[in-house]
Protein chains: 2
Amino acid sequence: MKWVRPQINNLQPYVPGKQVTGKVLKLNANENPYPPSPRAFSALQEVGSDALRLYPDAIAGKLRKIAAEVFDVATEQTIIGNGSDDVLTMIIRTFLDPEDSIAIVDPTYTLYETLAAIQGVKTEIHPLNADYTIPESFFKTKSKVVFLPNPNAQTGTLFPLELVERLCNRNINIVVIDEAYADFAGVSSIPLLKKYENLIVLRTVSKSYSLAGIRVGFGVSNSNFISAMIKVKDSYNVNSISQLIAAEAMHDREHFNRILGKIIETREWFSKSLSDLGWKITPSAANFILVEPVNDSPESIMEKLEAAGIFIRYFNTPRLNDKLRISIGTDEQMEVLLKIIK
Amino acid sequence: MKWVRPQINNLQPYVPGKQVTGKVLKLNANENPYPPSPRAFSALQEVGSDALRLYPDAIAGKLRKIAAEVFDVATEQTIIGNGSDDVLTMIIRTFLDPEDSIAIVDPTYTLYETLAAIQGVKTEIHPLNADYTIPESFFKTKSKVVFLPNPNAQTGTLFPLELVERLCNRNINIVVIDEAYADFAGVSSIPLLKKYENLIVLRTVSKSYSLAGIRVGFGVSNSNFISAMIKVKDSYNVNSISQLIAAEAMHDREHFNRILGKIIETREWFSKSLSDLGWKITPSAANFILVEPVNDSPESIMEKLEAAGIFIRYFNTPRLNDKLRISIGTDEQMEVLLKIIK
């Protein structure tokens with residue numbers, strides 16, 4: 001339409017997982033089935049008038065300090081986002097001009113391409129190999145910024161840190177490792193920040209801390225990159241209540257480790273159970289699994305499950321349309337699902 | 001530095017009002033001195049596990065509906081932002097390409113220029129007349145987007161709606177009227193949306209609802225503009241708790257009207273009291289006043305007040321460096337301030 005930038009008129013917007021409410025089993029958005037730390041709820045009780053009526057701490061100082069402790073970096077190496085999607089937007093706006101490009105693999109998190117398009121930046125797509133490993137071409141890209149989730153979105157594949165080092169070592173791109181699911185893998189690129197100045201690592205409390213509703217994510221990098229990104233971020237990008245809740249939840253290591261352990265256990269037996277039924281499982285290091293069903297089409301299975309009040313995710317795209325993505329819930333939830341599948 | 005876009009390297013970041021904590025009188029950021037609606041606190045009590053662990057409603061449907069009721073427009077004419085600054089960013093990214101420019105007056109809210117610079121867009125500045133009225137040149141601008149706060153930031157000046165109509169009527173720019181302070185003026189451009197398709201009005205709960213901490217703002221326009229902006233906005237830009245709190249607070253018209261009335265009353269007597277002391281007052285329709293002190297420099301007064309634990313705002317910029325901006329607190333707070341000034 002008139003007035004709107006051509007890039008935006010042509011933009012295919014990012015489609016988030018369906019928002020379902022009521023008495024359903026929601027396994028379509030990789031949310032955590034367990035409640036967050038009880039300390040998150042205590043934080044809510046302590047919200048007073050000042051936290052509501054005054055502007056938030058613009059740099060989320062207290063939360064930033066706790067994040068630095070948890071990630072074992074200096075405070076100046078961290079930035080807090082309104083979810084890690086906000087940090088992705090900051091990266092795009094800090095480092096990319098319209099003549100630049102980004103490089104991604106496929107399949108992966110589709111938001112990278114959307115954000116690049118909004119900035120007027122091209123996206124170079126490197127299809128993953130048939131076993132979802134990274135193709136050689138990806139290590140030759142000249143794109144200014146490379147985005148790679150590890151574990152990968154949609155597939156759950158964990159890429160070895162040697163490959164992250166291969167990307168960083170070339171020192172011709174900024175390498176963004178999106179670790180939304182890294183807690184479920186127990187592997188992180190954050191220690192590599194000591195060696196590489198072109199690395200940015202993203203984290204979030206959405207999945208492993210069971211706090212998708214509060215929108216808190218982190219960028220971790222060298223302090224120069226972080227300073228530049230702070231100039232670009234919205235002045236008050238994270239509200240006061242989310243700052244409080246995230247700080248409290250991150251302090252509670254015991255709760256965090258407990259629900260993390262449970263989800264990993266459930267992922268393992270559930271994967272094995274589906275495999276025993278003949279379904280083809282993509283080995284996952286995340287809180288979801290990508291599976292290829294047998295005897296029935298993924299679309300038909302999804303529809304039948306929806307009729308039973310169970311929501312899983314189907315991507316009608318070339319590399320994924322023979323598969324289903326199932327978020328890992330509690331043991332009881334996965335048993336319900338398994339019974340229906342059988 | 002290397003890697004960072006030149007625009008960002010050269011960017012003078014927006015400087016928010018100083019974040020002071022502890023037992024101080026904070027009159028430097030135009031926050032509301034009264035607690036928000038009791039319904040905001042009840043909303044907090046009702047936040048359960050699902051509001052924290054699940055992703056928020058991406059379009060904030062319930063809040064959007066309430067906003068549409070309050071502003072008397074269709075739901076499709078509204079968009080919810082993570083503060084109205086987020087809506088400003090959406091506007092910049094939806095409508096402006098690097099070859100475009102924006103037009104603003106001076107003095108005004110300095111964030112417009114910062115956001116334009118991040119987008120690589122030039123800013124055309126039209127100095128206000130000596131009495132802070134709009135210069136004729138502003139009505140001749142060819143810039144694609146025109147930003148005007150009404151009442152104006154920093155000065156508190158209310159511009160008559162006829163001038164907004166003059167801007168819209170030309171139909172060669174998108175006219176953004178930033179109504180962060182409009183509730184204190186009792187005048188809004190929202191009814192003009194029925195007549196003009198190139199108008200966008202911004203609102204916020206930060207000031208008049210005493211909810212600066214939760215980051216909720218609104219864009220109100222024609223549904224085509226809103227659809228384009230929804231494509232650009234971050235998928236989950238407003239967290240679940242803020243959506244709940246804002247919706248509850250907006251329902252409580254009685255509380256809203258009461259604290260609004262009090263602030264307006266206080267503004268009037270406080271302005272008169274300073275005027276009686278010989279201070280030069282800029283007539284304000286907002287929740288702050290811009291004043292030119294006598295007998296002492298504004299900087300020196302600010303320093304003395306800070307020593308007494310009272311924070312007000314001083315802008316060391318050409319059009320404002322002979323003045324002070326004082327947010328309107330409670331009667332008691334303004335009496336304390338007045339006593340010290342005397």
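Give a quick list of trypsin sites (Lys or Arg not before Pro) in the range A:1-61 that DSSP marks as loop, anything other than H, G, I, E or B, with at most 15 other Cβ atoms within 10 Å.
Numbers: sites: A:Lys2, A:Lys18, A:Lys23, A:Lys26, A:Arg39, A:Arg53; in loops: A:Lys2, A:Lys18, A:Lys23.
Filter output for the range A:1-61: A:Lys2, A:Lys18, A:Lys23.
With every protein chain kept in place and ligands, DNA and RNA left out, what is the accessible area per residue of the protein assembly as shown? Probe 1.4 Å, answer in Å².
Working: 25580 Å² over 684 residues.
Each residue of the protein assembly as shown exposes 37 Å² on average to a 1.4 Å probe.
Can you tell me the relative contact order of chain A? Whole percent, Cα pairs under 8 Å, sequence separation 6 or more.
Values: 624 pairs, mean separation 81.5, N = 342.
Result for chain A is 24 percent.
Once you place label points 7 Å from the Cα toward the Cβ at A:Thr75 and A:Thr133, how far apart are they in nm?
Reported label-point gap for A:Thr75 and A:Thr133 is 4.4 nm.
Considering only the other residues whose Cβ falls under 14 Å of the Cβ of B:Asp50, what net charge follows from Lys and Arg at +1 and Asp and Glu at -1? Don't jump to the answer; show the numbers that get you there.
Working: positive: A:Lys23, A:Lys26, B:Arg53; negative: A:Glu31, B:Glu46, B:Asp57.
With Lys, Arg at +1 and Asp, Glu at -1, the neighbours total 0.
Count, for each residue of B:220-233, the Cβ atoms from other chains sitting within 10 Å of its Cβ, then give me the mean as a whole number. Intermediate values should be presented prior to the final figure.
Working: counts 0, 0, 1, 0, 4, 3, 0, 4, 7, 2, 1, 12, 9, 2.
Average per residue, whole number: 3.
Grab the beta carbon distance between A:Glu299 and A:Arg253, set R0 = 35 Å, and tell me the FRET efficiency rounded to 0.05. All intermediate terms of the calculation are to be shown ahead of the outcome.
Numbers: r = 42 Å, r/R0 = 1.19.
Plugging the Cβ-Cβ distance into 1/(1 + (r/R0)^6) gives 0.25.
If you take every residue apart from B:Arg215 with its C-beta less than 11 Å away from the C-beta of B:Arg215, what net charge results, scoring Lys and Arg +1 and Asp and Glu -1?
Details: positive: A:Arg215; negative: A:Asp234, B:Asp85, B:Asp86.
In short, -2.
Have a look at the DSSP beta bridges in chain B and tell me what percent are antiparallel, nearest 5.
Roughly 45 percent of the DSSP beta bridges within chain B come out antiparallel.
How large is the helix-only mean residue ellipticity at 222 nm for the protein assembly as shown, computed as the sum of -39500 (n - 2.57) over DSSP H runs with n ≥ 4, divided by its residue count, in deg cm²/dmol to the nearest 500?
Details: 26 runs with 258 residues, N = 684.
That calculation yields -11000 deg cm²/dmol at 222 nm.
Within the range B:162-254, list the trypsin sites (Lys or Arg not before Pro) lying in a DSSP loop whose Cβ has at most 14 other Cβ atoms in a 10 Å radius.
Working: sites: B:Arg166, B:Arg170, B:Lys194, B:Lys195, B:Arg203, B:Lys207, B:Arg215, B:Lys231, B:Lys233, B:Arg253; in loops: B:Lys195, B:Lys207, B:Arg215, B:Lys233.
Those that pass, being in a loop and sparsely packed, are B:Lys195.
Extension gain A:Ser49-A:Val15, at 0.36 nm per residue separation less the Cα-Cα distance, in nm? Please list the in-between numbers first.
On the way: separation 34, 0.36 × 34 = 12.24 nm, distance 3.62 nm.
Going from the current span to full extension adds 8.6 nm.
Dividing the Cα convex hull volume of chain B by residue count, how many Å³ per residue is that? Let's see the in-between values first.
Values: hull volume 52.1 nm³, N = 342.
That works out to 152 Å³ per residue.
Name the lysines eligible as straight-distance cross-link partners of B:Lys262: C-alpha to C-alpha under 24 Å, and not fewer than 8 places from it in the same chain.
Filter leaves B:Lys23, B:Lys26, B:Lys207, B:Lys272, B:Lys280, B:Lys339, B:Lys342.
Taking 37 °C and 0.692 mPa s as the conditions, I'd like the Stokes-Einstein D for the range B:275-315 in µm²/s, using the Kirkwood hydrodynamic radius from alpha carbon pairs. Show your work: numbers first, answer last.
Working: Rh = 11.2 Å.
Diffusion coefficient, whole number: 293 µm²/s.
Given a Förster radius of 60 Å and the C-beta distance between B:Leu338 and A:Asn169 as r, what FRET efficiency does 1/(1 + (r/R0)^6) yield to the nearest 0.05? List each step's numbers first, then the result.
Details: r = 65 Å, r/R0 = 1.08.
Result of the calculation: an efficiency of 0.40.
If the viscosity is 0.692 mPa s and the temperature 37 °C, what Stokes-Einstein diffusion coefficient in µm²/s follows for the range A:50-251 when Rh is the Kirkwood radius over Cα pairs? Don't skip to the answer; put the middle values down first.
Values: Rh = 17.0 Å.
Roughly 193 µm²/s, to the nearest whole number.
Buried accessible area for the B:A pair, summed, 1.4 Å probe, in Å² rounded to 100?
Working: alone 15960 and 15940 Å², together 25580 Å².
Looking at B and A, the buried total is near 6300 Å².
How crowded by other chains is B:195-207, given as the mean number of beta carbons from other chains within 10 Å of each beta carbon?
Values: counts 0, 0, 2, 2, 0, 0, 0, 0, 0, 0, 1, 4, 1.
Average per residue, whole number: 1.
For peptide A:237-249, how many partner chain Cβ atoms fall within 10 Å of a residue's Cβ, on average? Don't jump to the answer; show the numbers that get you there.
On the way: counts 7, 3, 13, 5, 9, 7, 1, 1, 4, 0, 0, 0, 1.
Per residue, the average neighbour count from other chains is 4.
What would the Debye formula give as log10 I(q)/I(0) at q = 0.09, 0.20 Å⁻¹ for the alpha-carbon point model of the range B:3-159, no solvent?
For the range B:3-159 at q = 0.09, 0.20 Å⁻¹, log10 I(q)/I(0) is -0.44, -1.36.
How much net charge surrounds A:Lys122 when only other residues with a Cβ under 14 Å from its Cβ are counted (Lys, Arg +1; Asp, Glu -1)? Write down the numbers at each step before the final one.
Details: positive: A:Lys142, A:Lys144; negative: A:Asp97, A:Glu99, A:Asp100, A:Glu113, A:Glu124.
Residues near A:Lys122 contribute -3 overall.
The range B:1-37 to the range A:229-260: how many Å between their Cα centroids?
19 Å
Where in chain B lies the longest segment free of GluC sites (Glu not before Pro) that are both loop residues by DSSP (not H, G, I, E, B) and have at most 12 other Cβ atoms within 10 Å? Kindly include the intermediate steps, with their values, before the conclusion.
Values: sites that count: B:Glu46, B:Glu99.
It works out to B:100-342.
Which far-off residues, 5 or more places away or on another chain, put their amide H under 5 Å from the one on A:Ile310, with H placed in the peptide plane?
A:Leu25
Kindly write out, for the range A:124-132 in residue order, the coupling ³J(HN,Hα) from the Karplus curve 6.51 cos²θ - 1.76 cosθ + 1.60 (θ = phi - 60°), rounded to whole Hz, with x marking Gly and Pro.
Rounded to whole hertz, the list is 9, 10, 10, x, 5, 5, 4, 8, 6.
For the range A:146-203, just the Cα set please: Rg and Dmax, both in angstrom.
10.4, 30
With the label 7 angstrom out along Cα to Cβ, how close does A:Glu99 come to the same site in each of the other copies, in nm, nearest first?
So the label point of A:Glu99 gives 1.5 nm to the other copies.
Full-extension gain between B:Glu268 and B:Arg319, please, as 0.36 nm times their residue separation minus the C-alpha to C-alpha distance. Working shown, then result.
Working: separation 51, 0.36 × 51 = 18.36 nm, distance 2.40 nm.
Separation in residues times 0.36 nm, less the Cα-Cα distance, equals 16.0 nm.
Which distances in nm, rounded to one decimal and ordered from shortest, link the label point of A:Thr75 to the equivalent label points in the other identical copies, with labels set 7 Å from Cα toward Cβ?
In nanometres, ordered from closest: 4.4.
Measure off, as a whole percent, the carbon and sulfur share of the 1.4 Å-probe accessible area of the range A:50-251, all protein chains present. Provide the component values of the computation, followed by the final result.
Numbers: 3040 of 5910 Å².
Result for the range A:50-251: 51 percent of the exposed heavy-atom area is carbon or sulfur.
Taking each label point as 7 Å beyond Cα in the direction of the beta carbon, state the distances from B:Pro6 to the same residue in the other copies, shortest first, in nm.
2.3
Out of every Cα-Cα pair in the range B:1-58, what percent are more than 12 Å apart?
Value for the range B:1-58 (Cα pairs over 12 Å): 81 percent.
Determine ³J(HN,Hα), in whole Hz, for all residues of the range B:100-105 in sequence, where each value follows from phi through the Karplus function 6.51 cos²θ - 1.76 cosθ + 1.60 and θ = phi - 60°; x replaces Gly and Pro.
Taking θ as phi minus 60°, the curve returns 7, 9, 10, 10, 9, 9 Hz for the range B:100-105.
Among A:Ile59, A:Leu27, A:Tyr14, which residue has its Cα furthest toward the positive end of the charge dipole of the range A:14-78, with +1 on Lys/Arg Cβ and -1 on Asp/Glu Cβ?
A:Leu27
In nm, to one decimal, how far is the modelled label at B:Lys23 from the one at A:Val187, with both set 7 Å along Cα→Cβ?
Distance between the two pseudo-spin positions: 5.6 nm.
Provide the convex hull volume over Cα atoms per residue for the protein assembly as shown, in Å³.
Values: hull volume 101.0 nm³, N = 684.
Taking only Cα atoms, the protein assembly as shown has a hull volume of 148 Å³ per residue.
The values are calculated or read from the model by the stated rules, or taken from the named source; none is laboratory data. Nothing here was measured: the structure is a model prediction, and the numbers come from that model. When we count neighbours, we look across all protein chains shown, and the Cβ atoms used for this are built from the backbone with ideal geometry, even at glycine. The area values use the complete protein model at the heavy-atom level, side chains included, leaving out ligands, DNA and RNA. Shrake-Rupley method; radii C 1.70, N 1.55, O 1.52, S 1.80 Å.
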